[in-house]
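Following: one structure in structure tokens, then a few remarks.
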Amino acid sequence: TPLTLILNPVKNLLYTIPYNGEHKKQLEYIHSNALKLQDLTNQIMDLQKLDAGKLQLNIENTDIIEYCIGLISSFESLCETKNATILIESNFSQVIAGFDKDKIGKILTNLLSNAIKFCFTNSAIHATITVTNNRFYLKIDDKGSGIPESEVRDVFRRYKQASNNRNTGGTGLGLAYVHELVSFMHGLVTLESEENIGTTVSVEIPIDILEIKDNTQLNIEIGN
């Protein structure tokens with residue numbers, strides 16, 4: 001409720017200020033960071049629901065490829081901060097499937113946010129989507145700071161941050177949140193990383209494939 005009472009008035013003010021002056025920039029900064037805080041709060045609440053056994057699946061039948069492409073495309077402005085690109089590859093262009101949009105979205109958003117945060121400037125992030133045999137596979141690969149070998153085994157622990165990334169302003173919740181959401185959906189998540197080389201996170205989640213509408217391969221570049 002307190003966050004809503006911050007977000008709504010700020011959003012209204014952004015729509016009513018008719019020029020792009022300093023006041024509007026400050027309001028945009030407030031709105032952006034309040035959204036980040038709201039997202040973090042939601043993650044903590046979801047983890048509490050998981051601990052209490054009260055988190056539930058909400059399955060919807062829709063195009064899983066279109067949904068993922070839309071989410072990835074929303075990161076275009078964030079890519080500009082690193083002059084980075086996201087290269088998307090999918091084995092199909094349109095697949096109607098039954099899946100939990102909210103949870104798949106949170107997994108994808110967390111992994112992409114990490115990839116952009118820790119990738120090298122002027123580098124490319126690869127997002128690979130594969131749907132087959134009633135399984136959804138997602139792989140996010142970046143070239144960046146990576147994680148020290150001795151710390152890779154702890155990356156899915158809550159509030160655990162890599163020693164070489166502690167000055168980035170993170171909370172150490174993102175990968176733990178991804179791991180617990182994937183596990184809740186009876187899936188599997190793995191991570192491979194090499195310091196100063198990059199990180200690859202692979203996710204596998206069971207879904208109900210209802211219909212493959214377009215079986216042509218999809219390749220899209222976001223940013224730059």
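A quarter of the convex hull surface defined by the alpha-carbon atoms of the chain gives 13.7 nm² as the mean projection.
Centre-to-centre separation between the Cα atoms of segment 14-82 and those of segment 193-224: 20 Å.
Return the FRET efficiency for the residue pair ARG157, ASN58: r is the Cβ-Cβ distance, R0 is 35 Å, and the value is rounded to the nearest 0.05. Before the final figure, lay out the partial values.
Working: r = 27 Å, r/R0 = 0.78.
The computed FRET efficiency comes out at 0.80.
Label-to-label distance, SER150 versus GLU76, with points set 7 angstrom from Cα along the beta-carbon direction: 4.4 nm. Solvent exposure of ILE59, expressed as accessible area, is near 90 Å², computed with a probe of 1.4 Å over the protein chains only.
If you take the square roots of the eigenvalues of the alpha-carbon gyration tensor of segment 78-141 and sort them as a ≥ b ≥ c, do you get rounded (a/c under 1.5), prolate (a/b over b/c) or oblate? Prolate, since a/c reaches 1.5 and a/b exceeds b/c. How big is the antiparallel share of DSSP beta bridges in segment 36-195, given as a percent to the nearest 5? In segment 36-195, approximately 65 percent of DSSP beta bridges are antiparallel ones. By the helix-only formula, in which each DSSP H run with n ≥ 4 contributes -39500 (n - 2.57) and the sum is divided by residues, the chain has a 222 nm mean residue ellipticity of -13000 deg cm²/dmol. Rolling a 1.4 Å probe over the protein chains gives LYS54 an accessible area of about 150 Å². Membrane-span-like helices of the chain, defined as complete DSSP H segments with a Cα extent of 18 Å or more along the helix axis and a mean Kyte hydropathy of at least 0.0, are identified as 2-16, 101-118. Computed from label points 7 Å out along Cα-Cβ, the spacing between LEU5 and LEU210 is 4.1 nm. Projected label points at ASN83 and ILE30, each 7 Å from Cα along the beta carbon direction, are separated by 3.4 nanometres. Across the chain, the relative contact order, built from alpha-carbon pairs under 8 Å that are at least six residues apart, equals 24 percent.
The values are calculated or read from the model by the stated rules, or taken from the named source; none is laboratory data. This structure is a prediction, so every number in the text was calculated from the model and none was measured. As a convention, Cβ positions derive from the backbone with ideal geometry for all residues, glycine included, and neighbour counts pool all protein chains shown. Keep in mind that these areas ignore ligands, DNA and RNA; they rest on the heavy atoms of the full protein, side chains included. Shrake-Rupley method; radii C 1.70, N 1.55, O 1.52, S 1.80 Å.
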